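Report on the following structure.
The values are calculated or read from the model by the stated rules, or taken from the named source; none is laboratory data. Keep in mind that this is a model prediction, so the values were computed, not measured. Cβ sites come from the backbone with ideal geometry, for glycine too, and all protein chains shown count toward neighbours. Heavy atoms of the whole protein, side chains included, go into the accessibility calculation; ligands, DNA and RNA do not. Shrake-Rupley method; radii C 1.70, N 1.55, O 1.52, S 1.80 Å.
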Amino acid sequence: FIAYFQPFSNTFAPVDVLRDCYDQALAVDAVVGLAVGTRPDCLPEKTLDLLAEYHQQTYFWLELGLQSIHDRTLSFLQRGHDYQCFLNAYHQAKQRGIKICVHLILGLPGESREDILATAEEMARLKVDGVKLHLLHVLEGTPLGDLYQQGQVEMFEMHEYVELAVDVIERLPPETLIQRLTGDGPRHILLAPLWSMNKWEVLNAIDEELERRGTVQGERYSG
């Protein structure tokens, strides 16, 4: 198993606290590696040095939530960091040899197809080690949920998401490991898109679109 520190920011603590958490996870029988998810603004030098130790000791991935390269989108999402902050964290981690998986959301409010593909092409330029693709979810009780219920947010239909996901796949280098192609929010608070609950249907549709186009990952990669 890989111990996955997934929700929230799993580097937002002193180094000694982080080391204790990671070591406890690795001490569990049959755990052979770590995946640590966090934000690019939660990676000071000492924490990066710690993560580099685990990269040397075990199978290790650092997962960075980015979602978009466009600062106007990051501001709308109230991410609290800009794209330059991501680049700084990314390059400092890569200098230490750490494998990085970047999380992206397709369908963010205000983003066009060209905006989304620009994010994909920038990930290709960086030659990121891994990518997780998410579709935009609207959850009850969130600011985005309020905007959706007021009719201010449009959502992808499934065929639109599938086509765009394949557009992104085509632009990523063949060496980039795509670790996720879709996702689904908690059913009891999911407002939209409801089709996202049928995860296998979405995955199968992506396979079918790849076959229909006769294309593969990296088909439009120009690096």
For this session: Could you please find all residues in the stretch 175-202 being under 22 Å from Glu121 (Cα atoms), of a type outside the set (Lys, Arg) and not in a loop (DSSP other than H, G, I, E, B)?
Result: Leu177, Ile178, Gln179
Exercise. In this structure, does Ala52 turn out to be under 17 Å from the mean Cα position of the chain (by Cα) and either assigned to a loop (DSSP other than H, G, I, E, B) or buried (at least 16 other Cβ atoms within 10 Å of the Cβ) (or both)?
Worked result: no
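Looking at the stretch 58-70, can you tell me whether even one residue there is part of a helix (DSSP H, G or I), surrounded by 18 or more Cβ atoms within 10 Å (Cβ to Cβ), at pLDDT 95 or above and in contact with a strand residue (DSSP E or B) (Cβ under 8 Å, 6 or more places away or on another chain)? Working first, answer last.
Pass one, the stretch 58-70, residues part of a helix (DSSP H, G or I): none.
The answer is no, given that none of the residues of the stretch 58-70 is part of a helix (DSSP H, G or I), surrounded by 18 or more Cβ atoms within 10 Å (Cβ to Cβ), at pLDDT 95 or above and in contact with a strand residue (DSSP E or B) (Cβ under 8 Å, 6 or more places away or on another chain).
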Problem set entry | Every residue from the stretch 20-49 that is closer than 25 Å to Asp82 by Cβ and either touching a Cys at 6+ places or on another chain (Cβ under 7 Å) or part of a helix (DSSP H, G or I) (or both) | Pro40, Asp41, Glu45, Lys46, Thr47, Leu48, Asp49
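Let's see how each residue does on (1) free of Cβ contacts under 8 Å to residues at least 12 places away in the same chain; (2) out of contact with any helix residue (DSSP H, G or I) (no Cβ under 7 Å at 6 or more places or on another chain); (3) open to solvent by 70 Å² or more (accessible area, probe 1.4 Å); (4) of a type outside the set (Asp, Glu):
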{"position": "Ala35", "(1), (2), (3), (4)": "no, yes, no, yes"}
{"position": "Cys85", "(1), (2), (3), (4)": "no, yes, no, yes"}
{"position": "Lys94", "(1), (2), (3), (4)": "yes, yes, no, yes"}
{"position": "Arg113", "(1), (2), (3), (4)": "no, no, yes, yes"}
{"position": "Glu121", "(1), (2), (3), (4)": "no, no, yes, no"}
{"position": "Gly130", "(1), (2), (3), (4)": "no, yes, no, yes"}
For this session: Determine whether the stretch 100-109 contains at least one residue that is exposed (fewer than 14 other Cβ atoms within 10 Å of the Cβ) and not charged (D, E, K, R).
Result: no
Exercise. Given (1) touching a residue at least 60 places away in the same chain (Cβ under 8 Å); (2) crowded, with 21+ Cβ neighbours inside 10 Å, where does Gln179 come up short, assuming only one miss?
Worked result: (2)
